[in-house]
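Below you'll find the structure, written out as structure tokens, and then a few comments.
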Amino acid sequence: MSAGPFFAQHEVHVGQDVGGRTLAVSDADVARYEAGTGGVSTRPVGAAPALILHSEVYRSLAWYLPNIFGNLHARQEWELFAPVLVGQPIRTRATVVDRYRKRNREYVVNEVLVTDAEGRWLQRSRTHQSFLVEDGGRDTVVDREREKRPERVFTVGEGPGEPIGPFTRPITLAMCEAFSGPEKNYHNDREMARMLGFPDIVVQGMLSVCLVSELMTETFGAGWLLGGKMDVRLVNVVWVDDVLATRGKVCEEVAEGSHRRVHLDVWGEKADGTKALVGTASALR
């Protein structure tokens, strides 16, 4: 039975194919990634940074809901199976795998699968994007004071355990332009940000996610690229000119074949201690 007539034209739905492409990561791609994340990426020789394809999910916005006013990247999951090598032919494919509602926001989840030319899985990610059900005619959706409210305080990394980090980056406009450009959008242009309900440039959530990956790569090396996992929530907006320190704390180690899987709490915090990202990650050691 054909599924075509079941959904209205252009309706965002579970199972929606958002397309993909064939490509090879270049040295120029790596240079742009490093400009966007503010430093040279630690990685094995020949391998690209683990999250070099951080914004592949946004190449097509056919999975976005119509009301983009105040939309936010809410949660990110990532699984790494093998490194992406510079110059290696790879393929990507994006599919809507979930759609759900919490309070006044609706969430769409887009899964991106990256394979080599023979179909071997290299990595899989799930991006949870949230959209306001109604904007209510407001000029500002999220202001700078929101993160100071008691309900925006997040506890993570408590108790004993080996600390890792911090991996600290001042987030500059030049980084935002490299990471989220070249076209103007609310991640690199103040006027565009104000048009979508924000008082200043909203640093792309994927940048914070990439800094977690850089911390894990620096700490675990191949054990991150060959088996890393993360599941993080973007709980407060990072603004341009914030300083973000990414940290982790080991919770436990468990045997996994000839190695041990290290489970950690991970988080990114601003200079005043405000948590911008909280979640978990693991790698092999």
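We did not get these values from a lab; they are worked out from the coordinates using the rules stated. Small disclaimer: the values here were computed from a predicted structure and weren't measured. Don't worry about glycine lacking a Cβ; one is built from the backbone with ideal geometry, like all the others, and counts go over all protein chains shown.
Here are the numbers:
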quantity	calculated
Those residues of segment 2-31 which are in a loop (DSSP other than H, G, I, E, B) and within 20 Å of the chain's Cα centre (by Cα), in sequence order	V25
Among (1) more than 18 Å from L211 (Cβ to Cβ); (2) surrounded by 20 or more Cβ atoms within 10 Å (Cβ to Cβ), the one test that W78 misses	(1)
Residues (within 21 Å of V232 (Cβ to Cβ) and either outside any strand (DSSP E or B) or out of contact with any helix residue (DSSP H, G or I) (no Cβ under 9 Å at 6 or more places or on another chain) (or both)) located in segment 246-255	K249, V250, C251, E252, E253, V254
Residue in segment 236-245 that is of a type outside the set (D, E, K, R), touching a Cys at 6+ places or on another chain (Cβ under 7 Å) and in contact (Cβ under 8 Å) with a residue 60 or more places away in the chain present	yes
Unique match (being more than 24 Å from P83 (Cα to Cα) and assigned to a strand (DSSP E or B)) among A276, A271, A281	A276
Boolean, T37 is touching a strand residue (DSSP E or B) at 6+ places or on another chain (Cβ under 8 Å) and among the β-branched types (V, I, T)	yes
Criterion (surrounded by fewer than 17 Cβ atoms within 10 Å (Cβ to Cβ) and farther than 26 Å from A24 by Cα) met by exactly one of V141, V108, V156, V133	V133
Count of residues meeting criterion [over 16 Å from E218 (Cβ atoms) and either crowded, with 20+ Cβ neighbours inside 10 Å or in contact with an Asp or Glu (Cβ under 8 Å, 6 or more places away or on another chain) (or both)] in segment 26-51	1
Residue check, T274 closer than 24 Å to A47 by Cα and either touching a residue at least 12 places away in the same chain (Cβ under 8 Å) or over 16 Å from the mean Cα position of the chain (by Cα) (or both)	no
Candidate set from segment 248-269 (those that are touching a residue at least 40 places away in the same chain (Cβ under 8 Å) and surrounded by fewer than 21 Cβ atoms within 10 Å (Cβ to Cβ)); member that is nearest to the chain's Cα centre (by Cα)	D265
